[in-house]
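Peer 1: The structure is given below, and queries will be raised subsequently.
The values are calculated or read from the model by the stated rules, or taken from the named source; none is laboratory data. What you see is a predicted model; the values in this text were computed from it and never measured. Counting neighbours? That spans all protein chains shown, and the Cβs are built from the backbone with ideal geometry, glycine included. What goes into the accessible areas is simple: the full protein's heavy atoms, side chains included, and nothing from ligands, DNA or RNA. Shrake-Rupley method; radii C 1.70, N 1.55, O 1.52, S 1.80 Å.
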Amino acid sequence: MGDKKHIVLFQGDSITDGARSRNQDPSHLLGDSYAFTIAGKLSYELAEKNPQFINRGVSGDRVSDLYARWNEDAISLQPSLISFLIGVNDAWRSMSNEPSGVTDRFERAYRHLLAETKEVLPETGLVICEPFILNTGSTAEKWDAWKMRLEQYQDIARNLSEEFGAVFVPLQKPFNEACKRQEPSYWLWDGVHPTPAGHELIAREWLNVVQNSKLAIR
């Protein structure tokens, strides 16, 4: 990404939000999610370049919610890289038969969001993280339906990465592999939301993939 100023934007739902503060307290701006871990490591390693890390994840968001706030929470920030982790709430609304989930807009809204971003911010690097679940807690009762829906979303996320030249970060397989070490709730306490160990897993996978890609932050 050359020598230009690095402004890395993390976008998504509660998994990214991490109870981040909405004021300017630098101790809590990034919350306590994987974004904090990634920012901490890279901020230390690249202190001389003074990279900036911004978290705009919002708990409960679907892809369509991201798009509704995209001007103020992405375009106006002029990031050099945007990292997406989204999808579980799109599935949750459908699994719960909520009115907002009657129409599955995951692929349609995601493609529209990415297309507009590429048009308006053509030099901005894109990272798409794979949505994930494990069979425990909230997902266990309708596990087969959850698994089928998330596999569809995972395929969509992977295909969109190829379509828009984004770097794809696989996460489902690493979480599955982690369950050989400890039970699913150790990593995702309710089958969806990561524990500290789960956030560490995401951060490690992100750093391994992104820092060995064309979008590596140096």
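Peer 1: So how far, in whole Å, is the C-alpha centre of segment 173-218 from the one of segment 108-167?
Peer 2: 16 Å
Peer 1: Grab the DSSP H runs of the chain that are 4 residues or longer, score each as -39,500 (n - 2.57), total them, divide by all residues and round the 222 nm result to the nearest 500 deg cm²/dmol. Could the numbers behind the result be given before it?
Peer 2: Details: 10 runs with 96 residues, N = 218.
The helix contribution divided over the chain gives -12500 deg cm²/dmol.
Peer 1: Using the beta-carbon distance between Asp73 and Arg181 and R0 = 30 Å, what value does 1/(1 + (r/R0)^6) give for FRET efficiency, to the nearest 0.05? Spell out each step's value before the answer.
Peer 2: On the way: r = 36 Å, r/R0 = 1.20.
That pair, Asp73 with Arg181, gives E of 0.25.
Peer 1: Put a dot 7 Å past each Cα toward the Cβ at Glu45 and His28; how far apart are the dots in nm?
Peer 2: 2.9 nm
Peer 1: A follow-up question, please. Picking from Leu46, Gln24, Val63, whose Cα lies most toward the positive end of the charge dipole for the chain (charges on Cβ: Lys, Arg +1; Asp, Glu -1)?
Peer 2: About the Cα centre, the residue reaching furthest to the positive side is Leu46.
Peer 1: Excluding the sites themselves, what is the longest stretch of the chain that contains no GluC sites (Glu not before Pro) in a DSSP loop with at most 10 other C-beta atoms within 10 Å? Intermediate values should be presented prior to the final figure.
Peer 2: On the way: sites that count: Glu123, Glu141.
Result for the longest clean stretch: 1-122.
Peer 1: Lysine pairs, Cα distance under 24 Å, 8 or more residues apart or cross-chain: how many in the chain?
Peer 2: Close lysine pairs under the 24 Å cut-off: 18.
Peer 1: Another one. Tell me whether segment 140-204 comes out rounded, prolate or oblate; compute the Cα gyration tensor, take square roots of the eigenvalues as a ≥ b ≥ c, and use a/c under 1.5 as the rounded threshold.
Peer 2: Working: a/c = 2.55, a/b = 1.36, b/c = 1.87.
It is oblate, given that a/c is not under 1.5 and a/b is not larger than b/c.
Peer 1: Another question, if that's okay. When a/c reaches 1.5 or more, the comparison of a/b and b/c decides; with that in mind, is segment 62-218 rounded, prolate or oblate per its Cα gyration tensor? Before the final figure, lay out the partial values.
Peer 2: Values: a/c = 2.10, a/b = 1.26, b/c = 1.68.
Verdict is oblate for segment 62-218.
Peer 1: Give me the net charge of Leu134's neighbourhood, meaning all other residues with Cβ under 11 Å from the Cβ of Leu134; Lys, Arg count +1, Asp, Glu -1. Can you show the working numbers first?
Peer 2: Details: positive: Lys147; negative: Glu183, Asp190.
Here the count lands on -1.
Peer 1: Still on this structure, I have one more. As a test of reading the structure, rank Asp144, Asp104 by solvent-accessible area (1.4 Å probe, protein chains only), most first. Don't skip to the end; give the middle numbers.
Peer 2: Values: Asp144 120, Asp104 65 Å².
The most accessible residue leads, giving Asp144, Asp104.
Peer 1: Could you check the spin-label model distance between Gln211 and Asp155? Points 7 Å from the Cα along Cα→Cβ, value in nm.
Peer 2: Going by the 7 Å Cα→Cβ label model, 3.4 nm.
Peer 1: Which chymotrypsin sites (Phe, Trp or Tyr not before Pro) in segment 33-77 sit in a loop by DSSP (not H, G, I, E or B) and have at most 15 other Cβ atoms within 10 Å of their own Cβ? Could the numbers behind the result be given before it?
Peer 2: Details: sites: Tyr34, Phe36, Tyr44, Phe53, Tyr67, Trp70; in loops: none.
Listed in order of number, the matching sites amount to none.
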